[in-house]
Structure formats: structure tokens, C-alpha cells
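Trainee: Take this structure first; my questions come after.
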Amino acid sequence: MHYSPSIEATDHVKIQPRYNLFIGGKFVEPHSKRWFETINPATEETLSEMAEADAKRLVDFAAGLAFGLRGSMERVTNRVFLLSPANVQVTAEDKARIAEGGFFNQS
């Protein structure tokens, strides 16, 4: 029987150690020389680094998506945002737990 790779597995995906900005059809190094680590929430290991400007663009995109679907987005702690669908209330206790413990580990 053949099973799909575990969601924690990364051996079936090629991830570069660092990603530059994609501008004008090519990757260019950011002028700021600032990077943001991307973390695997299942293992809490660093997967890669991306240009901080791209991280900000992703947050902007996610905010537009959440608000377009009548949901909400709020900052929980530094570089951690909580996106919630419409009609879902997240308690202050849950927000504090996210802020203290970081990512939700499903293992």
C-alpha cells in the first residue's frame, strides 16, 4: 500500500535556504538585506528565509483575503497574526496561549 508523504516531511519538496524578491521576472536581493525566517509549524524548525518585504506582502494579501471573506485578522505577537473566519470568536485566553506557545503543534 502506498501512503502520501507526512505533512511534516520535506524530502519531497525542494526548499531553497533563502528566497530573494521576485521583481520584473527575476529574483533580486532586497536593498534592506533583511530576512524573515519561515518556520515549519509541525516541527518548529526553520524551513527557509524570505525577504522581509515579501513577508509584508504576504501579510497584506492575507489581510485582504480575511476581510474579503468578512473574517478578521489581528496581531497576536511579533510576526504572528491570527486569521479567523466570519462568525468565529477567539477568546483572550486562546490568544494568550498562541502568544506564549507559538504555533499549534498537531503531533
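Bear in mind that the values in this text are calculations on the coordinates, not laboratory data. Only a predicted model underlies this, so the values are computations on that prediction, with no experimental measurement involved. Here Cβ is always computed from backbone atoms with ideal geometry, including for glycine, and neighbour counts include all displayed protein chains.
Trainee: Return the residues of the range 44-88 that are surrounded by fewer than 14 Cβ atoms within 10 Å (Cβ to Cβ), touching a residue at least 12 places away in the same chain (Cβ under 8 Å) and hydroxyl-bearing (Ser, Thr, Tyr); say none if nothing qualifies.
Mentor: Of everything in the range 44-88, those that are surrounded by fewer than 14 Cβ atoms within 10 Å (Cβ to Cβ), touching a residue at least 12 places away in the same chain (Cβ under 8 Å) and hydroxyl-bearing (Ser, Thr, Tyr) turn out to be THR77, SER84.
Trainee: Kindly list, by first and then second residue, each pair from a residue in the range 1-29 that is closer than 19 Å to LEU47 by Cβ to a residue that is among the hydroxyl-bearing types (Ser, Thr, Tyr) and part of a loop (DSSP other than H, G, I, E, B), limited to pairs with Cβ atoms under 8 Å and residues at least 6 apart or on different chains.
Mentor: GLU8/THR43; GLU8/SER107
Trainee: Does the range 1-39 hold any residues that are closer than 18 Å to ARG79 by Cβ, outside any strand (DSSP E or B) and of a type in the set (Ser, Thr, Tyr), and which are they?
Mentor: Selection gives SER32 alone.
To keep it simple, each residue is scored yes or no on (1) within 17 Å of PHE22 (Cα to Cα); (2) part of a loop (DSSP other than H, G, I, E, B); (3) in contact with an Asp or Glu (Cβ under 7 Å, 6 or more places away or on another chain); (4) not β-branched (Val, Ile, Thr).
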site	(1), (2), (3), (4)
PRO41	no, yes, no, yes
GLU49	yes, no, yes, yes
ALA53	yes, no, no, yes
LEU58	yes, no, no, yes
ALA63	no, no, no, yes
PHE67	no, no, no, yes
ARG70	no, yes, no, yes
ARG75	no, no, no, yes
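Trainee: Determine, yes or no, whether VAL88 is touching a Gly at 6+ places or on another chain (Cβ under 9 Å), among the β-branched types (Val, Ile, Thr) and in a loop (DSSP other than H, G, I, E, B). First the steps, then the outcome.
Mentor: Details: touching a Gly at 6+ places or on another chain (Cβ under 9 Å): yes; among the β-branched types (Val, Ile, Thr): yes; in a loop (DSSP other than H, G, I, E, B): yes.
Taking the combined requirement at face value, the residue satisfies it.
Trainee: Mind checking which residues of the range 23-58 are basic (Lys, Arg) and either more than 12 Å from the chain's Cα centre (by Cα) or more than 18 Å from LEU82 (Cα to Cα) (or both)? Reasoning before the result, please.
Mentor: Narrowing the range 23-58 to residues basic (Lys, Arg): 26, 33-34, 56-57.
LYS26, LYS33, ARG34 - these are the residues of the range 23-58 that are basic (Lys, Arg) and either more than 12 Å from the chain's Cα centre (by Cα) or more than 18 Å from LEU82 (Cα to Cα) (or both).
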